[in-house]
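The values are calculated or read from the model by the stated rules, or taken from the named source; none is laboratory data. What you see is a predicted model; the values in this text were computed from it and never measured. When we count neighbours, we look across all protein chains shown, and the Cβ atoms used for this are built from the backbone with ideal geometry, even at glycine.
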Amino acid sequence: MPHEVSGVISRSKKQPVEIETIVVPDPGPGEALIKVQACGVCHTDLHYREGAINDDFPFLLGHEAAGIVEEVGEGVTEVTPGGALHWVSEHSPRRPSSRPNKRSRSTRGRSQKRRD
Ligand SMILES: [Zn+2]
């Protein structure tokens, strides 16, 4: 069942971003669905919004996040539902209507071990 989530969308060059509801499909093979607890919008995202990277609007901003794994797709073994995850995907904001970036580390998951 697809999931409705909020995303920060840049629709056009140098215009204010918007918070919109986007639909995320169930995780496919090699993917994980993460309930994001916190997400940064960094200077690279600002460059996308400013049109300094390309003009392929709209962009879904924010690629540095932390959250809890909700579901995993077929073949996923690195993370499990209920586990905490921190990740940084490649600097390639996705278009809001697309599936998650398959090259993103977020789709494979990367555990961040704490050193207390
Ligand atoms: Zn960044």
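Numbers at a glance
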read-out: Some residue of region 35-43 being charged (D, E, K, R) and modelled with pLDDT under 90; value: no
read-out: Residue list for region 52-69, restricted to those being more than 16 Å from the ligand (Cβ to nearest atom) and without any contact (Cβ under 8 Å) to a residue 40 or more places away in the chain; value: 54, 56, 67, 68
read-out: Only one of 68, 34, 19, 53 that is surrounded by 19 or more Cβ atoms within 10 Å (Cβ to Cβ) and not basic (Lys, Arg); value: 34
read-out: Any pair with Cβ under 6 angstrom, 6 or more apart, that starts in region 38-51 at a residue that is touching a residue at least 40 places away in the same chain (Cβ under 8 Å) and ends at one that is more than 10 Å from the ligand (Cβ to nearest atom) and part of a helix (DSSP H, G or I); value: none
read-out: Selection within region 37-46 - more than 19 Å from residue 20 (Cβ to Cβ) and either away from the ligand (no atom under 16 Å from the Cβ) or surrounded by 13 or more Cβ atoms within 10 Å (Cβ to Cβ) (or both); value: 37, 42, 44
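Rundown of residues vs (1) part of a loop (DSSP other than H, G, I, E, B); (2) over 17 Å from residue 3 (Cβ atoms); (3) out of contact with any helix residue (DSSP H, G or I) (no Cβ under 7 Å at 6 or more places or on another chain); (4) at pLDDT 90 or above, yes/no style:
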site	(1), (2), (3), (4)
60	no, no, yes, yes
71	no, no, yes, yes
98	yes, no, yes, no
103	yes, yes, yes, no
112	yes, yes, yes, no
